[in-house]
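Data block below; observations after.
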Amino acid sequence: MTTPAPSFTVETFHNEYLPEGGGEVDAIVSVTAAGLGTATTSTDAAEVIVIDCSGSMGDPAAKIAAARRATRAAIEALPDGVVFAVVAGRHDARMVFPQSERMVVLDRITRRQARAAVDGLSPSGGTAIGTWLRLAERLLAPHPRRLRHAVLLTDGRDEHETPEDLAAALDVCDGAFTCDARGIGTDWVVDEVRGIASRLLGTADIVAEPENLAADFEGIVGRAMGKGAGDVALRVWTPRGATVRAVKQVSPAVEDLTDRRTHDPAKPLIGLYPTGAWGDETREYHVRVTLDPLATGEEILAARVGVVAPSLSDSPLGETRVRVTWTPDSALSTRLNNRVAHYTGQAELAEAIQEGLDARRSGDVRTATARLGRAVALAAESGNEETSALLERVVEVEDPATGRVRLRREVTAADEMTLDVRSTRTARVREG
C-alpha cells in the first residue's frame, strides 16, 4: 500500500463584508494535516524523559514509585531506533540513563539497561525546573534533524531558582524542542507548569492520582512518536498598511501566538507563528487584522494564511485567502460568522474560569460567582461538555443557560487544579 504524501488543507471562515468606515477582520483558519502520522520513522525522533526526584516525591512514597513505573512505561512505548535519555531533577539535574551527558539509540540492550537505571530513582534535594530543562536542551541540541520532544514531571513549586532563572531557561529551550509537562499530586503550581508547556508548544495537565501516571506517560510518548513534522509554522501575509492584531490557536486549546511572530527583514509583510510538531490532526486559529477603510463596494485581500514546514518543503504547504468587501448594507456587515462567534466564546470561557478561580482563592465571593457563572453559561452554550463537568465540581449549577450558580463550600484541591489547568481546552464548533 502506498503511503500518502504529507499535506495540509487550509480553510477560512469569516464575514466577507465590512461596514462603511470599518476595518477589523476576524477569521477562523482551519488547518488539517494528513499523511504525517506515517511520515516519521523511529530514526527521526529524540526523546528526553525528565523526572522530578526532589525530596517531596517521597511523601507519600507512592509518587516516586509511580514515577518509576511511568518512566518504564514511556521507555517501553518508544520504538527501537529513537535516541533517548532519562534525567533526574532535583536542585540540580543529573543523568539517570545513560550516565554521561549524551543520548543513546534505543534497542533491546539499552532498553533493558534504562529500565534497570530507572528502578534506582530515589527522592532527595530540591526543585529547579529551569536547570532540568537546560540539560534537556543540551542533550537534544546535537540532533537538530530529529523530531525533538521531552516529557517533564514535577510535584512541587520551582523553589530552588528564581522566576527569572526559569524564564531564561525557557528562552534557551524555545524552538529547540517541544515539551509536555505534568504535575503529580496537588502541591505544584498550575501557572508554572502551564507556562512551560505553553512556551514549549506542548500540553499541560494534572495527574492527581499516582496510579494514573503510567498510562498518561505512555499516551504522551505515543502521541509524540506519531508526529511527522516538528517545524510547522503559520504563515500570515497582509497588505501594506494592514496590521495583524492577534493570532491565536483556538482549537484544540487556546494558545496566544501573537507575540511569537518572526519575519524575514526582506519580507516585512509576512509573519511566521510557530505551532510545534504535527501529526494527522486539525487545529484552528483566530486571525485578527485591521485595515484602512476603503470606499463602499471596494474589495481587498485582507490576508493570505498558509502553512510552512522547512523539513517537508521549501514552499508553503497550503494556503487560504481572506477577502473582504465594504458595504452599506448593515444586514451583511453585522452578520457574525458561526465559527468566529464560537471560538471567541471559547477564549472568553478560559478567561472567565481563570479569573473566577483567582477570585475564589482571594476570598472575593461575588466576583468568583459571577465569573464562574459566566463560564458555566459559555460552556453550556458551546457544548463544551468536558469543561461543564469540571465546573460542576467547583460550583452548584442552578441554571446553566443563564449562568446562575453558587460556589461549593468544599472543593478539593485536585478538582480546582484540574479545572484551572484544563481551562484552555476548547470544544470544536458544532456543525449545523
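A few notes on this one:
- When THR412, THR387, THR426, THR418 are checked against the criterion of being open to solvent by 20 Å² or more (accessible area, probe 1.4 Å), β-branched (Val, Ile, Thr) and either at pLDDT below 95 or under 30 Å from GLU284 (Cα atoms) (or both), a single residue qualifies: THR426.
- Residue match in the range 371-393 (condition: touching a strand residue (DSSP E or B) at 6+ places or on another chain (Cβ under 6 Å), closer than 22 Å to ILE28 by Cβ and among the β-branched types (Val, Ile, Thr)): no
- Output for the range 72-83, where each listed residue is at pLDDT 95 or above and over 17 Å from GLY219 (Cα atoms): VAL83
- Residue pairs meeting the criteria (Cβ under 8 Å; at least 6 apart or on separate chains; first in a strand (DSSP E or B), in the range 244-263; second open to solvent by 80 Å² or more (accessible area, probe 1.4 Å) and modelled with pLDDT under 95): SER251/ARG428
- Selection within the range 296-319 - without any contact (Cβ under 8 Å) to a residue 60 or more places away in the chain and open to solvent by less than 60 Å² (accessible area, probe 1.4 Å): GLY297, SER313
- Output for the range 320-351, where each listed residue is outside any helix (DSSP H, G or I), buried (at least 18 other Cβ atoms within 10 Å of the Cβ) and touching a Leu at 6+ places or on another chain (Cβ under 6 Å): VAL324, TRP326
- In the set ALA215, ALA229, ALA253, only one residue is modelled with pLDDT under 95, under 30 Å from ASP52 (Cα atoms) and hydrophobic (A, V, I, L, M, F, W, C); that residue is ALA229.
- Of the residues making up the range 227-248, those that are surrounded by fewer than 23 Cβ atoms within 10 Å (Cβ to Cβ) and under 26 Å from HIS149 (Cα atoms) are ASP231, ALA233, ARG235, LYS248.
- Residue in the range 213-226 that is under 27 Å from HIS286 (Cα atoms) and either open to solvent by 20 Å² or more (accessible area, probe 1.4 Å) or in contact with a Gly (Cβ under 7 Å, 6 or more places away or on another chain) (or both) present: yes
- For the range 194-212, the tally of residues that are open to solvent by 20 Å² or more (accessible area, probe 1.4 Å), part of a helix (DSSP H, G or I) and closer than 24 Å to ARG134 by Cβ stands at 4.
- Filter result for THR418 (touching a residue at least 60 places away in the same chain (Cβ under 8 Å), within 30 Å of LEU18 (Cα to Cα) and within 25 Å of the chain's Cα centre (by Cα)): no
- The range 390-399: number of residues that are open to solvent by 50 Å² or more (accessible area, probe 1.4 Å) and over 19 Å from GLU416 (Cα atoms): 1
- Within the range 28-55, the set of residues being farther than 30 Å from HIS286 by Cβ, modelled with pLDDT of 95 or more and surrounded by 21 or more Cβ atoms within 10 Å (Cβ to Cβ) comprises ALA46, GLU47, VAL48, ILE49, VAL50, ILE51, ASP52, CYS53, SER54.
- Residue-level check: of (1) over 23 Å from the mean Cα position of the chain (by Cα); (2) assigned to a strand (DSSP E or B); (3) under 26 Å from GLU209 (Cα atoms), VAL48 misses just (1).
- The range 279-295, residues that are open to solvent by less than 10 Å² (accessible area, probe 1.4 Å) and at pLDDT 95 or above: GLU284, TYR285, VAL287, VAL289
- Just one residue in the set ALA347, ALA379, ALA359, ALA368 is touching a residue at least 12 places away in the same chain (Cβ under 8 Å), closer than 25 Å to LEU257 by Cβ and in contact with a Lys or Arg (Cβ under 9 Å, 6 or more places away or on another chain); that residue is ALA347.
The values are calculated or read from the model by the stated rules, or taken from the named source; none is laboratory data. Note that the structure is a prediction, hence the values are computed from the model and not measured. Positions of Cβ are generated from backbone atoms using ideal geometry, with glycine treated the same way; all protein chains shown enter the neighbour counts. With ligands, DNA and RNA removed, areas are computed over all heavy atoms of the protein, side chains included. Shrake-Rupley method; radii C 1.70, N 1.55, O 1.52, S 1.80 Å.
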